[in-house]
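A.B. asks: Below is one structure. I have some questions about it.
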Amino acid sequence: MNNIIPSRAVSTVHIVAAIALLQLAGCGGGESGMAGLPTPKVEVSRPVQREIAETDEYTGRLQAVESVEVRARVSGYLKQILFADGSRVKKGDLLFVVDPRPYVAQLQQAQAGLERAKSRLKLAQNHLQRAESPLKEQAISEEEYDTRHQSLVQATADVDSAQAEVELARLNVEFSQVRAPIDGRISRKLITEGNLVTADSTVLAGIVSVDPMYVYFDADERALLKYRRLEIDGERKNETPLEMGLVDEQGYPHRGYLDYVDPKVNADMGTVSARGVIANPDGLMEQGLFARVRIPGGSRYRGLLVSDRAIAMDQGKKYVMVVTAENRAEYRPVVTGRLHDGLRIVSDGLSPDDWVIVNGLQFVRPGAPVDATRIDMPGAKPGAGR
């Protein structure tokens, strides 16, 4: 009887044989199979060493140093408006004119009353002078003399009162011209010509000062304690310097100083409000603008900096790849800080003699051989040395 192998068994044998051949081929390839792939070409740079000042960064808002609501000090109908909405004004500039005619008439009336009072004073002086000789000769009674003397006192008081009324009327005429109380930028007019203005009540416009500006921000209590210790240790004797940048600016081009720290810490937030002063001679800054603030937070130290293109992320952790003496890529976890002169501060994980891959990072893996070309650190300023 012939031995007949079922067709299903034959197929299984063929499959097993094919898998065995593939495994043998894979094992036989080994290093020779990888040798056919080109070695990735990369560019490497040594970290840049520079003197770095420790700083703290915050966000804040700009606010005018002075802000005034312009109001009339007399009532009347608004006659003139003498400024353009949103323009720069100087202290003393004429802004509004309230119809002055009633106040001019009051001034003239007060001046006439003053003249009458002066005339009565002159008459009382003459009456008293004429009574002095008859009193010595007992031609008039002492009661008559006292009456004339009291008339002189009353006439003198009437002159003083009339003089005060003249001054008040003159002030009202002056107050009919509403002038800018400060230098700054004026808002739009809040009332138009012909409307009735009520003294000390109707707001005509607003003015905010332009130069300098305040920048307000909140700092955490750790920073506050650090600054206070610097003052106590004598490292910060003068005003604390401050740098500021606007939302569309690179870096911190504006210079100023810290002039106020709230004496009370917000216990709920663990922060304290602080204020800086920034010069604004060209009027670029406006009240309410967002601002980035940077303050020196300690002494200077020598740090390492690399280009951001050399730093990668792996599961939320930052790392770089360095090239070893054997021309192989090596994984290095790093701790990074802020940007400084366009480069990223690396506070831990690198040494000054490491060669960091700055171009071609995506083509390498840890332990793999690389073909490295040494270049200067991308983004480093010319002449900035180690």
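A.B. asks: Among residues belonging to the stretch 124-150 that are open to solvent by less than 60 Å² (accessible area, probe 1.4 Å) and over 20 Å from residue 112 (Cα atoms), point out the one that is modelled with the highest pLDDT.
C.D. replies: For the stretch 124-150, the residue satisfying everything is 126.
A.B. asks: Right, here's the next one. Give the residue that is farthest from residue 318 (Cα to Cα), with candidates limited to residues of the stretch 330-376 that are among the acidic types (Asp, Glu) and not in a loop (DSSP other than H, G, I, E, B).
C.D. replies: Here is the first cut: in the stretch 330-376, the residues among the acidic types (Asp, Glu) are 330, 341, 348, 353-354, 371, 376.
Within this subset, residues satisfying the condition of being not in a loop (DSSP other than H, G, I, E, B) are 330, 348, 371.
Working: 330: 14, 348: 11, 371: 24 Å.
Checking each candidate, the answer is 371.
A.B. asks: What is the residue count in the stretch 203-236 for residues that are of a type in the set (Asp, Glu) and under 17 Å from residue 272 (Cβ atoms)?
C.D. replies: Adding up the residues that qualify gives 4.
A.B. asks: Related question: How many of the residues making up the stretch 330-366 are open to solvent by 30 Å² or more (accessible area, probe 1.4 Å), under 17 Å from residue 43 (Cα atoms) and of a type in the set (Asp, Glu)?
C.D. replies: 2
A.B. asks: Scan the stretch 282-329 for residues that are part of a strand (DSSP E or B), more than 30 Å from residue 215 (Cβ to Cβ) and open to solvent by less than 60 Å² (accessible area, probe 1.4 Å) and report the count.
C.D. replies: Looking only at the stretch 282-329, we keep the residues that are part of a strand (DSSP E or B), and these are 290-306, 312-314, 317-323, 328-329.
When the remaining residues are screened for being more than 30 Å from residue 215 (Cβ to Cβ), the result is 302, 304, 306, 312-314, 317-323, 328-329.
From the residues that got through so far, the ones that are open to solvent by less than 60 Å² (accessible area, probe 1.4 Å) too are 304, 306, 312, 319-323, 329.
Result for the stretch 282-329: 9.
A.B. asks: Can you tell me which residue among 231, 243 is more than 15 Å from residue 55 (Cα to Cα), of a type in the set (Asp, Glu) and at pLDDT below 95?
C.D. replies: Selected residue: 231, the only one of 231, 243 that is more than 15 Å from residue 55 (Cα to Cα), of a type in the set (Asp, Glu) and at pLDDT below 95.
A.B. asks: With the checklist (1) touching an Asp or Glu at 6+ places or on another chain (Cβ under 9 Å); (2) not in a loop (DSSP other than H, G, I, E, B) in hand, flag the one item residue 188 doesn't pass.
C.D. replies: For residue 188, the failing item is (2).
A.B. asks: Continuing with this model, one more query. Within the stretch 187-244, how many residues are closer than 30 Å to residue 296 by Cα, surrounded by 12 or more Cβ atoms within 10 Å (Cβ to Cβ) and among the polar types (S, T, N, Q)?
C.D. replies: So the answer is 2.
A.B. asks: Determine whether the stretch 258-273 contains at least one residue that is without any contact (Cβ under 8 Å) to a residue 40 or more places away in the chain, farther than 28 Å from residue 84 by Cα, loosely packed, with under 15 Cβ neighbours inside 10 Å and aromatic (Phe, Trp, Tyr).
C.D. replies: yes
The values are calculated or read from the model by the stated rules, or taken from the named source; none is laboratory data. The shown structure was predicted, so the numbers you read here are calculated from the model rather than taken from an experiment. Neighbour counts run over all protein chains shown; Cβ positions are idealised from the backbone, glycine included. Heads up: the accessible areas ignore ligands, DNA and RNA and are worked out on the full protein's heavy atoms, side chains in. Shrake-Rupley method; radii C 1.70, N 1.55, O 1.52, S 1.80 Å.
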